[in-house]
Amino acid sequence: MNILEECLAHAALALRPDTRLTVSEWSDAHRFLSQTASGEPGPWRTERTPYLKEIMDCLSPSSPVERVVFMKGAQIGGTEAGNNWIGYVIHHVPGPMLAVQPTVEMAKRWSKQRIASLIDSTPVLRERIKEARSRDSGNTVQSKEFPGGILVMTGANSAVGLRSMPVRYLFLDEVDAYDFDVDGEGDPVGLATQRTITFANRKIFLVSTPTIQGFSRIEIEYEKSDKRRFWVPCPECGEYQVLIEARLQWEKGKPETALYYCAHCGGGIQSHKKRWMNGQGEWRAEEPGAGKAAGFHLSGLYSPWLTWQQIAERKIAARDDAAMKVYVNTIEARTWTESGEAPEWQRLYDRREDYRPCTVPAEGLFLTAGVDVQDNRLELEIVAWGRERESWSVDYRVLQGRPSDKDVWNALDAVLEESFTHDSGARLSIVKIAIDTGGHYTSQVYDWVRGKQGDRVLAIKGVHGLGAAIGLPSPADVTTQGKRKRRGLLIWPVGSSFCKSELYGWLRKDRPTDEMIEQGERFPLGFCHFPKYPEEYFKQLTAERLVTKKDPRGFPRREWHKMYERNEVLDCRVYARAAAAAYGIDRFSDAIWDRLEEALGQKKQVPTQELNKTSSLPPARRVIRSSYL
């Protein structure tokens, strides 16, 4: 071969296109996980999460699938599959790409922590994207330019970012955390999808853990797809099945005994065999041929990073609705059904107990109160709280008088000065009282709260939204800090929807039988006890229902609606719960509860001057009970 022929041969070789890899093949060949972004640094191995192979390959140009939907549990690797796709696009099939996180801030954080690590640790990507040394380098926090394309990262809360440019590739991560409307311009998923309509060979990838039934975008998208489930064989009998949470069982209180029981032979499968099962698994579509959408559903049971014992521990720890919702969403990868149905008032009325109002049972360790302001009266409930958020209604009162008059506020002052007899003989005062500021007499409420010393009294205001707790820190911490100062007054936000859902979940719990109690069985978490109140109390306590409606733009919205003419009892109980949260009940350790019990055991009565306050109130300040209590 002469020199010319040799040159032509090398030129032909250089001009020959690369062998077209799939996304999973590219990941195995080029992806490297850094120590800062992964718990298992080193070369990417699809065999570690074999269920991701088909999902990633549907994102390859060789696949006819246009829309890929992944409804997943926790610690499955869905976001990493999307990151692999981003690397594949940059290196192998360049074009304009848009990646969307729930908010702009989350997009920036994801870019700095995950995408920067993806680029820096993968040589074939690092050489295609310039270093971020200047504003015109093509490498900024929210955009990465590369030969033949650009990656733009934005938040679902930015309409400007969603309509910035036409794109061939669209990655929508954690779509269930998106708002239903962004800047008044509509659904962010719809806005982003509109950016792809000019590309006949577009690819769209939607990933999310599901949230609330009827509001979950990922579930809606999955239902429109071919609905694939991952089938794995039993190590004993070889029969294929989909892993479901109900077949994971353990001895009571012993999560270390957890085994998965085969649906066919009934044999117990140990956790370490999950790796082999996943390696032999296969995706099967329930509705094959459903358009161009491939839908994948995978629970946390398949995760190689979660053992059967860890899953059992999470289930055991999920003792209230808020924690169980997280478990259902993240482990079972199912939507949570918000039960807006209040329990029947008659059932609560029938289970009333024999303790006397204005007395505190032995397990009640501190008192809070909630006050509702009406045009001609104040209504309030005093509640005792114990371990596991168990509660006892100590008294319900109505203080007659217009809030514009001083007498009714004097009567409320008298309540704050009272103490109540505990079963131990000690006397308990109210440690926190929460009063609503959202009525017609807001200025009078502000004036009364300003006149109180310390932080014993909370001025509160309702915050709408199913996800809002009190103080908005998390579903577990119902309130932690006040917001919105008004001339030196802290206003505490109360997530009324969250608290009503929580309360109704507690009210639906069954009382243990007398035999179970004698054997040491505790009341369930959040169980509510009531003395011999009349029917009206329970009708008001269960006065509301959670209903789904569509707003003027067609988006679903869940709202609480009164089904009974009065609901003051429900509001007072919600406010008393807010006060308990502000006191710290959601963060109490066993040691704190022990100290409260010890203090009650040592203190048989309060000082004489405090007893006098509760026994010799002037007639004008005496508490007036309502006609129905």
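The values are calculated or read from the model by the stated rules, or taken from the named source; none is laboratory data. All figures in this text were calculated on a predicted structure; none of them were measured in a lab. When we count neighbours, we look across all protein chains shown, and the Cβ atoms used for this are built from the backbone with ideal geometry, even at glycine.
Here Met324 meets each of (1) in contact with a helix residue (DSSP H, G or I) (Cβ under 8 Å, 6 or more places away or on another chain); (2) part of a helix (DSSP H, G or I); (3) not charged (D, E, K, R) with one exception, condition (1).
The residue that is surrounded by the most Cβ atoms within 10 Å (Cβ to Cβ), among those in region 332-381 that are more than 30 Å from Gln310 (Cβ to Cβ) and hydroxyl-bearing (Ser, Thr, Tyr), is Thr368.
If the condition is being assigned to a helix (DSSP H, G or I) and among the small types (Gly, Ala, Ser), then region 492-522 contributes Ser496, Ser497, Ser501, Gly505.
When we screen Ile150, Ile197, Ile218 for residues that are in a helix (DSSP H, G or I) and either more than 29 Å from Gln113 (Cβ to Cβ) or in the same structural domain as Ala81 (by TED's automatic domain parsing) (or both), the only hit is Ile218. What tally of residues in region 184-233 results from selecting those that are small (Gly, Ala, Ser), under 30 Å from Met277 (Cα atoms) and at pLDDT below 95? Selection size over region 184-233: 2. Only one of the numbered conditions (1) surrounded by fewer than 16 Cβ atoms within 10 Å (Cβ to Cβ); (2) touching a strand residue (DSSP E or B) at 6+ places or on another chain (Cβ under 7 Å); (3) farther than 24 Å from Asp176 by Cα is violated by Gly238, and that is (2). Considering (1) in a strand (DSSP E or B); (2) under 20 Å from Glu66 (Cα atoms), the lone condition that Glu145 does not fulfil carries the number (2). Applying the criterion of being of a type in the set (A, V, I, L, M) and modelled with pLDDT of 95 or more to the residues of region 53-68, the residue that is farthest from Arg229 (Cα to Cα) is Leu59.
To keep it simple, each residue is scored yes or no on (1) more than 13 Å from Gly78 (Cα to Cα); (2) surrounded by 18 or more Cβ atoms within 10 Å (Cβ to Cβ).
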site	(1), (2)
Ala294	yes, yes
Leu298	no, yes
Ser303	no, yes
Trp308	yes, yes
Ala312	yes, yes
Ile316	yes, no
Ala323	yes, no
Thr330	no, yes
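Ile119 meets the conditions (1) more than 28 Å from the chain's Cα centre (by Cα); (2) in a helix (DSSP H, G or I); (3) touching a residue at least 60 places away in the same chain (Cβ under 8 Å) in every case but one. The failed one is (3). Taking region 59-76 as the range and being surrounded by fewer than 22 Cβ atoms within 10 Å (Cβ to Cβ) and out of contact with any strand residue (DSSP E or B) (no Cβ under 6 Å at 6 or more places or on another chain) as the test, the residues that pass are Ser60, Pro61, Ser62, Ser63, Pro64, Glu66, Ala74, Gln75. Among the criteria (1) farther than 15 Å from Lys72 by Cα; (2) in contact with a strand residue (DSSP E or B) (Cβ under 8 Å, 6 or more places away or on another chain); (3) part of a loop (DSSP other than H, G, I, E, B), the one Pro210 does not fulfil is (1). Residue check: Leu243 meets all listed conditions (1) over 25 Å from the mean Cα position of the chain (by Cα); (2) outside the structural domain of Thr103 (by TED's automatic domain parsing); (3) not aromatic (Phe, Trp, Tyr) but one, namely (1).
Taking the criterion of being without any contact (Cβ under 8 Å) to a residue 12 or more places away in the chain and either within 22 Å of Asn84 (Cβ to Cβ) or in contact with a strand residue (DSSP E or B) (Cβ under 8 Å, 6 or more places away or on another chain) (or both), would at least one residue in region 178-192 satisfy it? No - not one qualifying residue is present in region 178-192. Could you tell me whether any residue of region 221-234 is assigned to a helix (DSSP H, G or I), farther than 28 Å from Pro96 by Cβ and in the same structural domain as Arg67 (by TED's automatic domain parsing)? Yes: region 221-234 contains one or more residues that are assigned to a helix (DSSP H, G or I), farther than 28 Å from Pro96 by Cβ and in the same structural domain as Arg67 (by TED's automatic domain parsing). Within region 513-535, being within 16 Å of Ser391 (Cβ to Cβ) and not aliphatic (A, V, I, L, M) holds for Arg522, Phe523, Pro524, Gly526, Phe527, Cys528, His529, Phe530, Pro531, Tyr533.
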